[in-house]
Amino acid sequence: MEVRARAPGKIILSGEHAVVHGATAVAASINLHTTVSLLFSSDNDNMLQLNLKDMALEFSWPIGRIKDTLPDFDAPSPSTPKCCSIESLRAIASLVNELNIPEAKIALASGVSAFLWLYTAIQGYKPATVTVTSELPLGSGLGSSAAFCVSLSGALLALTASAGLDYSNQGWATYEETGLDLVNKWALEGEKIIHGKPSGIDNTVSTYGNMIKFRSGELSRVKSNLPLRMLITNTRVGRNTKALVAGVSERKLRHPDAMASVFDAVDSISKELSAIIQTPANDDISVTEREEKLEELMEMNQGLLQCMGVSHASIETVLRTTLKYKLSSKLTGAGGGGCVLTLLPTLLSGIVVDKVIAELESCGFQCFIAGIGGNGVEVCFSGAPSS
Ligand code: MEV
């Protein structure tokens, strides 16, 4: 039987980086997904295979080699998420180093390490083929690594006794709350391997979907009463989340008081932003007023992200371009390139939207309007159950 799980990417409306230091952030899922297919092998080839379809890369390991390297998983415990120790990480690195990943794609190495950890810790030594496809641009701030860890954990847990799945909808099944919590905890362990010290916001929004407010590992759901339309511009400038997060922490060490005030200001922005989104709308004027407030908050958040040192020349170009059309933007995710969000107010004409997009694309950027706030991780099964 094939198990497929898909998990959405995300945008952060406010609070990235500051959330790592205890401030509130607000994030939403987007309708671009990463899908993981899991097929246990029945042909006794005793291999674990990972296919990264979009990159045309295939990696495989003899199960015996994995067992020698990570010897503790004869009886894995899927219901108890486990942190990858330094020793296990070193052992996994030796398996990944043998793959000779092309230099241009070396950033994938940490994702392959996360795969080996999650697979072995949840499923043990079962031979299988795992295939990954994604609609999310990699390393661009849209939560591609979290969507990978969530969809992988979702697929790996779906056939275990600890999975709480709700089949009430045709097609894709959703996890019940306890199942979601478990997927989210495992995905965070994968994210730690990729990003060092993530706040957990990316995997949380990818797991639960919709819109969330997140602070110190605690999530609360934001019930949006304001349908938001966002233009997402991918600057195509790749960057490293781990390094950017570390850079902000170093700045905090150098200027603890100033940075504490910056994080406090972001916290207030996120709280105000989520309150605005949740206020019931009465008429068009109030929608417009609320959109204007959001625009101002986004601009303020962007200014504070500049204070944290995570903006980039390409981001500034997007900001300048959208400002020409009186539109407000902020970076989303880790910054240093990646993606920029621009709020498209309800009454904005389609002609203006087309013009902004044309101008941004003429700078070499990629633009899209993504649907916001859909489901989190979902699972589906096909084929006959394996014996
Ligand atoms: C990355 O999408 C968001 C950051 O705040 C890192 C994190 O929260 O782990 C930059």
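For region 15-171, the residue among L138, S60, S41 whose Cα projects farthest onto the positive side of the dipole built from Cβ charges is L138.
DSSP bridge analysis restricted to the chain gives an antiparallel fraction near 90%, rounded to the nearest 5. Note on region 113-264: semi-axes of the ellipsoid equivalent to its C-alpha gyration tensor, largest first and rounded to whole Å, are 29, 20, 16. What is the helix-to-structure angle for 144-158, meaning the angle in degrees between its Cα long axis and the longest Cα principal axis of the chain, kept from 0 to 90 and rounded to the nearest 10? Orientation of helix 144-158: about 40 degrees from the principal axis. Only protein atoms count toward the accessible area here, which uses a 1.4 Å probe; on the chain, the carbon and sulfur part of that area reaches 53 percent.
With a simple spin-label model that places each label point 7 Å from the Cα along the Cα-to-Cβ direction, the separation between K126 and D54 comes to 2.6 nm. Overall, the chain carries a charge dipole of about 480 debye about its Cα centre when +1 sits on the Cβ of Lys and Arg and -1 on the Cβ of Asp and Glu, all other atoms neutral. In a fully extended conformation the segment linking A75 and N97 would gain 5.3 nm over its present Cα-Cα distance, using 0.36 nm per residue.
Ordered by solvent-accessible area of protein heavy atoms (1.4 Å probe), largest first, the residues D257, D166 come out as D257, D166.
Over the residues of the chain, the helix contribution to mean residue ellipticity at 222 nm works out to -14000 deg cm²/dmol, using -39500 (n - 2.57) for each DSSP H run of at least 4.
Sequence-distant contacts, meaning Cα pairs under 8 Å at least 6 residues apart, place the relative contact order of region 228-372 at 44 percent.
Annotation: average projected area of the chain is 19.6 square nanometres, based on the convex hull of Cα atoms across all directions. Of the residues H255, H312, H33, ranked by 1.4 Å probe accessible area with the largest first, the sequence reads H255, H312, H33. In a reduced charge model with +1 at each Lys and Arg Cβ and -1 at each Asp and Glu Cβ, region 228-372 shows a dipole moment near 620 debye about its Cα centre. Per the Debye formula on identical point scatterers at the alpha carbon atoms of region 203-359, with no solvent, log10 I(q)/I(0) at q = 0.09, 0.11, 0.12, 0.16 Å⁻¹ is -0.32, -0.48, -0.57, -1.03. With the simple model of a label 7 Å out from the Cα in the direction of the Cβ, I276 to S41 spans 5.4 nm. Computed from label points 7 Å out along Cα-Cβ, the spacing between W172 and R254 is 4.3 nm. If you take the Cα centroid of region 289-329 and the Cα centroid of region 341-385, the two points sit 18 Å apart.
Summed over the residues of the chain and divided among them, the accessible surface reaches 43 Å² per residue at a probe radius of 1.4 Å. From the alpha carbon centroid of region 176-221 to that of region 127-149 is 15 Å.
The values are calculated or read from the model by the stated rules, or taken from the named source; none is laboratory data. As the structure is a prediction and not an experimental result, all values here were calculated from the model. No Cβ is skipped: glycine too gets one built from the backbone with ideal geometry, and neighbour counts run over all protein chains shown. The protein model used for the area step is the full one, side chains on, heavy atoms only, and it has no ligands, DNA or RNA in it. Shrake-Rupley method; radii C 1.70, N 1.55, O 1.52, S 1.80 Å.
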